[in-house]
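Trainee: If you scroll down you'll find the structure; I have some questions about it.
Just so you know, all these numbers are worked out from the coordinates, no wet-lab data involved. As the structure is a prediction and not an experimental result, all values here were calculated from the model. All Cβ positions, glycine included, derive from the backbone under ideal geometry; neighbour counts span all protein chains shown.
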Amino acid sequence: MKLLKILEKAKKYLLLIEEKEDIKEKKVEKLRDKLEDKISKLEKKIRSTKDQEEKLKLKEERELLKNFRKQLKEKN
């Protein structure tokens with residue numbers, strides 16, 4: 001009887017761990033999607049902007065986001 005209770009608790013614990021990992025994966029995926037959207041918007045702005053200073057700032061921001069995306073990908 002005691003062994004059965006321990007087994008049930010272990011199953012519940014493993015289920016909680018799996019749920020936590022699923023939530024983490026979903027958050028990372030959501031963040032990755034937001035990064036992709038932001039990068040594409042910046043690229044559109046870069047194409048449409050005439051001002052060279054503004055283009056440089058946008059390109060720097062885009063590179064920062066790409067680096068962050070790369071780090072996020074390497075971490076997972």
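Trainee: Using only the alpha carbons of the chain, determine the length spanned along each of the three principal axes and report them from longest to shortest in whole angstroms.
Mentor: That works out to 76, 17, 11 Å along the principal axes.
Trainee: Sticking with this one: Please give, to one decimal in nm, the separation of the simple spin-label points placed at Gln71 and Glu36, each 7 Å out from Cα toward the Cβ.
Mentor: About 2.1 nm, to one decimal.
Trainee: Could you tell me how many degrees, from 0 to 90 and to the nearest 10, lie between the Cα long axis of helix 2-48 and the main elongation axis, the longest principal axis, of the Cα atoms of the chain?
Mentor: 10
Trainee: Tell me which trypsin sites (Lys or Arg not before Pro) from the chain have a DSSP coil assignment and no more than 12 other beta carbons within 10 Å of their own. Intermediate results must be reported in sequence, preceding the final value.
Mentor: Working: sites: Lys2, Lys5, Lys9, Lys11, Lys12, Lys20, Lys24, Lys26, Lys27, Lys30, Arg32, Lys34, Lys38, Lys41, Lys44, Lys45, Arg47, Lys50, Lys55, Lys57, Lys59, Arg62, Lys66, Arg69, Lys70, Lys73, Lys75; in loops: Lys50.
Passing sites in the chain are Lys50.
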